[in-house]
1. Might you let me know whether region A:437-453 holds any residue that is of a type in the set (Asp, Glu), in a helix (DSSP H, G or I) and more than 30 Å from residue B:446 (Cα to Cα)?
2. For region A:347-364, give me each residue that is surrounded by fewer than 24 Cβ atoms within 10 Å (Cβ to Cβ) and small (Gly, Ala, Ser).
3. Conditions first: (1) within 22 Å of residue B:214 (Cα to Cα); (2) away from chain A (no Cβ under 14 Å). Residue B:122 passes all but one, so which condition is the exception?
4. Those residues that are closer than 21 Å to residue B:161 by Cβ and more than 8 Å from chain A (Cβ to nearest Cβ), I need them from region B:82-106; list them, please.
5. Note down all Cβ pairs under 8 Å where the first residue falls in region A:281-300 and is within 14 Å of chain B (Cβ to nearest Cβ) and within 12 Å of ligand 1 (Cβ to nearest atom), the second is assigned to a loop (DSSP other than H, G, I, E, B) and aliphatic (A, V, I, L, M), and they're at least six residues apart or on different chains.
6. Would you pick out the residues in region A:107-119 that are without any contact (Cβ under 8 Å) to a residue 24 or more places away in the chain and either more than 9 Å from every other protein chain (Cβ to nearest Cβ) or closer than 30 Å to residue A:196 by Cα (or both)?
7. Which residue, of B:331, B:282, B:314, is among the small types (Gly, Ala, Ser) and within 14 Å of ligand 2 (Cβ to nearest atom)?
There are 2 protein chains.
Amino acid sequence: MSGRIRNESLRSKVMTAGEAAALVQDGWTIGFSGFTGAGYPKEFPGALAARINAAHDAGEPFRVNVLTGASTAPELDGALARTGGVGIRAPYQSDPDMRSAINAGDADYLDIHLSHMGQQVRRGYFGRLNLAVVEVTAITEDGKLVPSSSVGMNRTYLDEADFIVLEVNEWQSEELLGMHDIFYDVGNLPPHRVPLPIRTASDRIGQPVFDVDPAKVVGIIETNSADRNTPFKPLDDDSKAIAGYLLEFLGDEVRKGRLPENLLPLQSGVGNIANAVLAGLAEGPFENLTSYTEVIQDGMVDLLDTGKLTVASATAFSLSPEYAERMNREAADYRSKIILRPQDVSNNPEAVRRLGVIACNGLIEADIYGNVNSTHIMGSRMQNGIGGSADFARNAYHSIFVTPSTAKRGAISCIVPMVSHVDHSEHSTSMFITEHGIADLRGLSPRKRSKVIIDNCAHPDFREPLREYVKLAEKKANGMHTPHDLASALGWHVRFLETGTMRP
Amino acid sequence: MSGRIRNESLRSKVMTAGEAAALVQDGWTIGFSGFTGAGYPKEFPGALAARINAAHDAGEPFRVNVLTGASTAPELDGALARTGGVGIRAPYQSDPDMRSAINAGDADYLDIHLSHMGQQVRRGYFGRLNLAVVEVTAITEDGKLVPSSSVGMNRTYLDEADFIVLEVNEWQSEELLGMHDIFYDVGNLPPHRVPLPIRTASDRIGQPVFDVDPAKVVGIIETNSADRNTPFKPLDDDSKAIAGYLLEFLGDEVRKGRLPENLLPLQSGVGNIANAVLAGLAEGPFENLTSYTEVIQDGMVDLLDTGKLTVASATAFSLSPEYAERMNREAADYRSKIILRPQDVSNNPEAVRRLGVIACNGLIEADIYGNVNSTHIMGSRMQNGIGGSADFARNAYHSIFVTPSTAKRGAISCIVPMVSHVDHSEHSTSMFITEHGIADLRGLSPRKRSKVIIDNCAHPDFREPLREYVKLAEKKANGMHTPHDLASALGWHVRFLETGTMRP
Ligand SMILES: CC(C)(COP(=O)(O)OP(=O)(O)OC[C@H]1O[C@@H](n2cnc3c(N)ncnc32)[C@H](O)[C@@H]1OP(=O)(O)O)[C@@H](O)C(=O)NCCC(=O)NCCS
Ligand SMILES: CC(C)(COP(=O)(O)OP(=O)(O)OC[C@H]1O[C@@H](n2cnc3c(N)ncnc32)[C@H](O)[C@@H]1OP(=O)(O)O)[C@@H](O)C(=O)NCCC(=O)NCCS
């Protein structure tokens, strides 16, 4: 045994993943730890997948509902999706196999604002939570749980589940103890909610460990496996250009006295461009930055290293293997500058609004009037999910969205006449940035927006076609507030589906 | 003079509306009081319209930007719109003439979340605020302003404007003094924002009057005119049916232990159905209700009268003439049960989230997957605006939307394959109610939603066509998460625009 299980009575519950998985019944709803490839259970899901496969092979039905913090890794989402035995999946995923199951109409995906998940689970909208399966770094002598590389939904799942299986992962650094800030009162349901006592990203308001009812713990698995995140792609010219425009904008706002010199707390979404923006900040002029965000990427660690970022508040790491190893070695040093919180604190609208977060997220497509699609390819096909993007975008001080101007080697314009799905409405977006420039939408009505979005953000090849659409729409529309020709508004998407390109 | 101006030095500034309007220059941005037909200046706007018309007649350009709390009345929005001299209009309106100016592409309408307006004005996104024109009930001896029947944006406009014109309206009851709760710290910009110290709808956290810098007051106009609101339509069977379904749902939630017996604070949108819902509650079983909402309609006053509602917190009245007269007579009695707050408090995401507001708003159309259009007729034509609906819906505990199943005497289905504009995405809506029933969307993926929305909410005539759309979409779509046939998704709207009906 690893010595990480310091509570004597819990030590007696150590078992294999197979033994633990054998406890699961058909139809169970399971709350797993895990958030963007960090802190997910490494062995239980595979064992559960084997159990499901065995049942299916024997001609027996076997399905489980899979709740998590957010996306996980192939060992969890991939393994379970491939069994064909996933019923409900919530609230966010980004796994190729899970995505296939969802888009085949097999897994029933609930794409939920991450900050809403806690209340929905507590109020029983998913029915009974039969089991929580949570990775931890260690169990203390008095039976408290030291969180691992993500916090996500763990507090809620541990509290709400009938039974608990813990994975104690020796790979996680013991020096993580003290990095987390678990605020319990945020889980109160109304009318018992209290103000969130956060005034700056660096405020600690909770405890460093999870409480757990030992009577609910039915099994403990010992593991020693790394978190699995995909490495970020090397920064390309487009990402660098986008980061450049963002820095220029932020600099301008400071000069105009509209942002403090150290800006406001930054939120930076998932994906490669978000990471490039952070790299840009590392070389930029801003000092004493703070971050109130969802995940800590490589770029944010670099920013902490330069001393330009003084604190990063998030709910999880989202690090490449190289950076994850480094975080593990140097956790003791980072512990004073990184705070990992439950996702209902990191993504809380109250905090996002009060702190005045500058939110910067990726998108699938945006339209000429300012609406954003973050989730659906051609209106129907789920890519990842909305995640926390609307927790931030809707309540942020600036809601910035970044994207290359085209996708699929230029066949698709990411700026379209009308988005095929809306996750963030024109009312909640304030800037778009592509490699061609920035569209600052503040103070602009829809028709004025269309001009700057087309001129500044669209790919040059698509600018003229977009302008032609606007002309047509102004001729055909029943009102000039947001002119659309509904007969051709989605025509670009239809053309792509039929011919493989949006180009005429 | 009326005796309402008790501050001596301010008394010297009394002038006619025409004299005050003469101060305005071409291109000015003016912040007017006024929220849903309550508390708007009664005389200045007409005088300003005359000034603009005179300039136009003389061949001179004259435009003003018109900012308000929300909608106003014909005397303000109508009079100014008819001059053709409105540049920007923000953040919400519902006036026929202003609507025409917007949809003609003449007035430049910024349709803004009401809770965002304060920070946008303070940060100068509308440029300099040249003038504030604010109706008040009285001016105290020490130069404080007693608010009238709406608070809205007044605190911000008084603070930010270069010059101020006050209208002291003798029609407003002096007994309103003490009903308002003006919290100043909510106007702090980040990083200086503080927690909003509200834990229940009845908490008073501010002062009863506005502060004003007397040096900025350039004119005071004395008026004696009633607020002008349109009477509500008598309750029809559809509205009663909708209210019935809502009450049934709330009762069920209480029985299941998912809502307290006195529910959670209610928010009730604008329009006739919202009023019907309140009437339903007056006859319903619930006691000790509270309301944390934007406007106080007739129905809410009735609810207070029955004793079933203990407190109504809002930013404005939205009363029929009869109820407005009564409020005026009996303000002293209602003062302990009604709190009027600035709109950045009434609509604050922090408060909405913390209190767990049950939001109930109207819509133009909803789609089978749960997206809601509150603003645009056939995708292009602005009706009113988003108002506070997303401040509430996005952060509420339940986001309920109510609508008759059809519009335009049955030619239009309010449940469509795909909405022509999205104000509230599927991620932020939890129940739809029409006269045919309720669709409880919680825990349902998009495809399951489509079934309950069609079966429970769509008009019977449109159910089969909607089911046929679903079948076609499932055949054509590139993914089964939210199946759409993009070529025909907006086809119902196109058919209506071409033939005058969505019916095949
Ligand atoms: C939108 C999002 C997918 C972009 O992420 P990214 O890493 O920059 O995305 P990529 O450019 O690699 O695109 C992902 C895929 O979508 C495709 N794609 C991108 N834009 C597209 C478009 N307009 N039309 C069709 N496909 C498109 C890409 O080709 C790629 O497909 P592939 O995987 O088959 O190669 C990602 O930001 C996301 O999931 N956002 C929603 C959640 C979120 O914002 N979370 C952060 C909140 S805190
Ligand atoms: C959506 C909204 C307009 C509905 O209000 P209402 O009083 O119930 O609306 P009505 O049924 O009278 O409809 C208003 C108009 O839209 C038309 N309409 C309604 N549904 C329609 C549809 N699906 N397609 C086309 N027109 C439609 C009606 O025919 C009517 O037109 P008319 O004025 O030419 O007769 C109103 O709730 C609103 O403005 N909401 C947005 C702001 C908001 O929610 N504020 C509250 C926040 S606290």
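The values are calculated or read from the model by the stated rules, or taken from the named source; none is laboratory data. Quick caveat, the model's predicted, so the values are computed rather than measured. Glycine also receives a Cβ, built like all others from the backbone with ideal geometry; neighbour counts cover every protein chain displayed.
1. no
2. A:356, A:362
3. Among (1) within 22 Å of residue B:214 (Cα to Cα); (2) away from chain A (no Cβ under 14 Å), residue B:122 violates only (2).
4. B:85, B:86, B:87, B:89, B:90, B:91, B:92, B:93, listed by residue number.
5. Here the result reads A:291/A:201; A:292/A:201; A:292/A:357, each pair linking region A:281-300 to a residue that is assigned to a loop (DSSP other than H, G, I, E, B) and aliphatic (A, V, I, L, M).
6. A:110
7. None of the others qualify; the one that does is B:314.
Condition check ((1) surrounded by fewer than 24 Cβ atoms within 10 Å (Cβ to Cβ); (2) more than 16 Å from ligand 2 (Cβ to nearest atom); (3) in a strand (DSSP E or B)) across all residues:
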{"position": "A:345", "(1), (2), (3)": "no, yes, no"}
{"position": "A:366", "(1), (2), (3)": "no, yes, yes"}
{"position": "A:391", "(1), (2), (3)": "no, yes, no"}
{"position": "A:401", "(1), (2), (3)": "no, yes, yes"}
{"position": "A:410", "(1), (2), (3)": "yes, yes, no"}
{"position": "A:419", "(1), (2), (3)": "no, yes, no"}
